[in-house]
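Taken together, the values in this text are just the output of simple stated rules run on the coordinates, not laboratory data. These figures come from a predicted structure and were not determined experimentally. We place every Cβ from the backbone using ideal geometry, glycine too, and count neighbours over all the protein chains shown.
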Amino acid sequence: MESEKKKNIGNYSSSDERAIFDKFDKKVTRRKALSVAAKVGIAGAIGVIVGVVGGYFAGSAVAPPKTITVTQTQRLTETVTSTVGAATVTVTERVTETRIVTATTPITPTVWKPKLEPAEITVLSSPDCADYLKYAAEEFMKIYPQIRVEVVPLSWEALYPKILSDLQSRTGVYDVFTIDVMTLGSVVEAGAACFDDIMKEHPDIVDPNLDIADFEPMYFGYGSVWAGKVYGFPVYPNHMFLFYRKDYFEDPKIRDQFKAKTGKPLKVPETWEECIEVARFFTRDYNPDSPTEFGIALMFPTTHTMMYNVLNWLGPIRQSPTGLSKYGKLDLYYGDYCTADGKVWFANEDGARAVKLIQDLLPYAPDPFGSDYGETVAQFSAGTTAMCPQWSVPYGDFAKALAGGDLMKAREIIGVEMMPGIIDQGQLVRKPVSGGWALGINNFISDAEKRAAFVFAEFATSKEMDLIHWTKFVMPPARMSNWERPEAREVLSPALFDTYAKSMRSLSYRPRIPQEPEMERIGNPLWQDIIAGRKPLMDGLKELANEWQKLVDQFKHPGR
Amino acid sequence: MSGLKAKYYFILPIIFFYLFVTIYPFLYMLYISFFDYNLARGGIQRFVGIMNYLQAFYDPVARGSISFTAFITVTGVIVETLLALILALLVVGIKGESLLRLSFLIPMTIPMAVSGMIWRMLYNTTYGPVNYFLSFFGIKRISWMGDPIYAPIAILIMDIWQWTPFLFLLFYAGLKNIPQVYLEAAMIDGASGWQLTKSIRIPMIKDLLMIGVLLRSIDLLKLFDSIYMITGGGPGTTTYTFSYLIYQVGFITGINLGYASALSVILLLVIILLTTLLIRALKVERLLGGG
């Protein structure tokens with residue numbers, strides 16, 4: 001596991017971020033953050049009821065020691081595999097006993113409270129971070145009553161131009177803002193405050209427990225560090241998963257049908273080729289006995305979704321051993337669409353392969369070009385599809401729709417796995433697309449506001465709050481120390497948590513250069529034309545690559 | 001102070017306000033249309049002359065958006081005008097007129113954000129009532145938002161649904177104001193229903209017909225909200241109107257204010273040109289206070 005992690009890290013070549021990754025890599029391997037799953041879960045489903053976070057007032061010198069209490073219902077499950085004749089039969093025997101386990105994990109209270117002048121700060125937030133940031137703001141104002149924090153949620157589409165126009169015009173309307181990982185370059189160029197400079201100028205507001213090295217290094221390096229300098233603290237990391245109907249995949253009758261039809265055992269697909277076969281089986285037009293009408297919920301609209309979703313197919317090819325030898329190590333400025341030296345690489349047979357893998361899946365999806373995030377979530381929630389590649393956030397919606405909100409039941413119905421990939425040189429390469437948000441600060445605000453904004457950013461991304469946003473708001477931890485907490489695993493779905501951990505270091509990346517928005521404007525509709533076959537495959541890929549190359553060439557790489 | 005002078009002082013604040021909120025932004029837009037001005041790349045970069053304007057003619061997406069805007073404007077105006085006229089002619093004087101009149105107006109009163117959501121649900125490929133209804137006629141599921149043939153039709157249907165009531169109201173009001181004496185005189189002379197419509201009703205509301213066509217043309221040339229709510233310009237760029245393209249370039253994925261400003265200036269010039277031509281062709285200067 002550790003050597004695998006090192007290998008993955010070794011794929012990144014950006015000079016300045018490289019150093020950061022090296023530094024953090026040592027820390028990660030030492031902590032063995034990713035072995036959480038093995039430590040905690042043994043072949044069984046462990047139920048969770050509540051992660052109650054009590055009496056937390058970080059920073060208050062008078063606050064009592066804090067604890068996180070987790071009460072969990074534990075069900076012991078035993079899996080027995082035996083051979084009957086030629087067939088291997090897996091029997092899952094359930095409920096040896098049910099018991100309530102209560103664990104108390106102490107959280108070291110932060111006895112640190114810097115002196116801040118009265119100020120009002122406005123936080124511009126993406127919708128998925130907004131509830132948590134509102135909560136964080138309330139808690140923050142309890143500690144610092146002289147600071148007023150207002151959180152303004154805005155849709156993704158409105159948020160990004162709003163941040164940029166505010167920074168460009170230097171009006172300082174918004175003090176703190178959420179930065180989508182791939183927009184970092186443009187936000188920095190527009191005038192985001194450099195955290196290194198703030199910490200240098202105001203050492204008194206740097207929390208002794210800040211522990212920057214505790215931030216998950218890939219996300220920190222990708223979403224917060226630009227040209228070797230820190231411009232934000234990660235709020236939460238994210239990436240895409242393959243959600244599937246666990247109840248169907250484990251149903252002996254359905255498994256027999258699959259075996260009879262394909263001659264293979266039914267399993268959660270690991271490669272896109274397998275996914276095509278499974279999706280076909282679960283599509284009623286091709287299998288009248290299918291419990292679902294369609295195999296998979298796909299989204300290839302002309303929106304922002306296109307830019308990230310395509311990488312679930314292109315990323316594994318780009319980062320396969322063959323891809324790395326052909327296109328060089330990944331540079332996090334350019335991401336997976338480019339070679340190490342910033343050349344758009346996919347106008348060739350490798351790019352065509354990725355598109356064909358997508359195209360082969362299309363017949364098994366309800367409406368791939370007319371669906372976006374909301375539609376695919378609805379399709380899986382309604383039981384129309386057996387699989388759904390999605391971000392983590394809709395898990396709550398799935399649990400509500402398919403299990404009536406019963407999280408225990410949801411674990412039996414909803415399965416979570418890493419996004420499928422490809423086999424290359426005998427190696428399975430899976431690279432789900434990464435996402436996530438960091439908290440940045442406006443450089444064009446008063447000193448008092450900047451100090452308050454920085455302390456708020458520290459507070460909202462602190463270890464304690466980082467755990468709370470997972471337990472209360474289903475936003476995964478950005479702190480490695482929280483990935484080691486057993487109670488964090490138990491909160492929602494151990495499968496989801498484990499899959500997070502598993503894919504955390506095996507991701508594909510969008511470009512984060514300032515030209516990225518223009519790449520989207522050109523790319524989103526063009527990708528759809530190519531995937532839908534409205535443009536000849538190779539011609540379309542060449543056209544897109546040429547257009548993108550013009551934009552990528554405008555970027556001056558800070559490391560060169 | 002003379003009365004005339006006082007009048008000028010009184011309207012001065014309005015003039016300043018107008019200059020500040022309309023003329024200044026317009027001039028600034030004109031100014032930045034000659035620059036490479038991209039918010040994502042650090043704001044104003046350099047003077048590029050008319051490059052942004054030239055780009056609009058070479059940009060295949062811009063050309064496609066012009067075609068779609070022309071299609072939706074011409075088709076929308078023709079269908080909506082005819083439909084509204086027929087409805088108005090049918091409704092005037094029938095039993096339950098006021099109830100029908102009221103019900104026809106409902107779509108127009110629904111905010112665009114709400115009607116957009118409603119139509120998005122209606123058009124949903126998997127669960128939408130439209131496809132469910134069509135399935136009774138053996139029609140297989142249509143991807144209203146994902147198929148380049150059906151997406152423009154979906155936009156057109158929604159626009160007809162929402163804006164035909166406006167024209168209906170205009171024509172209905174005109175028909176109601178026709179002096180009864182003309183119709184009675186014609187009936188005494190033995191005019192048939194069709195003759196009454198052809199020779200009296202339609203000529204009497206001709207001015208309103210022209211105004212209706214003009215207003216809807218201007219509206220459709222600027223069509224944005226239904227595209228934003230339903231198709232997002234897709235599939236591909238099939239349903240990009242010129243306004244939607246400006247939005248995409250200037251505010252969403254592009255943030256290229258220089259190019260977006262040039263596109264806006266072009267749209268403005270096109271609207272001015274077309275409306276002038278329409279006003280002349282439809283001979284409505286008199287109604288607008290001209291000629």
- [ ] Take the Cβ-Cβ distance between A:Asn348 and A:Asp204 as r, set R0 to 51 Å, and report the resulting FRET efficiency rounded to the nearest 0.05.
- [x] 0.40
- [ ] Determine the sum of side-chain charges near B:Arg41: Lys and Arg each +1, Asp and Glu each -1, restricted to other residues whose C-beta is under 9 angstrom from that of B:Arg41.
- [x] -3
- [ ] State the extension gain, in nm to one decimal, for the chain segment bounded by A:Glu412 and A:Asp397, taking 0.36 nm per residue of separation less the distance between their alpha-carbons.
- [x] 3.9 nm
- [ ] Measure off 7 Å from each Cα along the Cα-to-Cβ vector at B:Leu12 and B:Ala185, then give the distance between these two points in nanometres to one decimal.
- [x] 5.5
Open item on the list: At a 10 Å Cβ-Cβ cut-off, how would you order A:Glu518, A:Glu250, fewest neighbours first?
Closed with: A:Glu250, A:Glu518
Task: Under 5 Å, built H, 5+ apart or other chain: amide partners of A:Val149 - done: A:Ile121
TODO: Quickly work out the A:Thr171-to-A:Lys550 label distance, labels modelled 7 Å from Cα along the C-beta direction, and quote it in nm with one decimal.
DONE: 3.2
- [ ] Within the stretch A:147-167, which residues have the backbone N less than 16 Å from the label spot 7 Å out from A:Glu138 along Cα→beta-carbon, could you tell me?
- [x] A:149-153
Task: Within chain B, helix-based [θ] at 222 nm, where runs of 4 or more DSSP H residues each add -39,500 (n - 2.57), nearest 500 - done: -21000 deg cm²/dmol
Open item on the list: For B:Tyr28, A:Tyr395, A:Tyr500, A:Tyr286, which order do you get if you count the other beta carbons within 10 Å of each Cβ and list the fewest first?
Closed with: B:Tyr28, A:Tyr286, A:Tyr395, A:Tyr500
Open item on the list: For A:Phe241, A:Phe473, which order do you get if you count the other beta carbons within 10 Å of each Cβ and list the fewest first?
Closed with: A:Phe473, A:Phe241
TODO: Can you figure out the FRET efficiency of A:Lys264 with B:Ser103, using R₀ = 60 Å and their beta-carbon distance, to the nearest 0.05?
DONE: 0.55
TODO: Quick one: net charge around A:Trp272, please, counting Lys, Arg +1 and Asp, Glu -1 for every other residue with C-beta under 11 Å from its C-beta.
DONE: -2
Open item on the list: At R0 = 25 Å, how high is the FRET efficiency between B:Trp194 and B:Ala173 if r is their beta carbon distance? Nearest 0.05 is fine.
Closed with: 0.65
Task: Inter-probe distance in nm under a simple model that places probes 7 Å from Cα toward Cβ, at B:Ile149 and A:Asp256 - done: 4.4
Open item on the list: Going by Cα centres, the stretch B:1-62 and the stretch B:163-186 are how many Å apart?
Closed with: 42
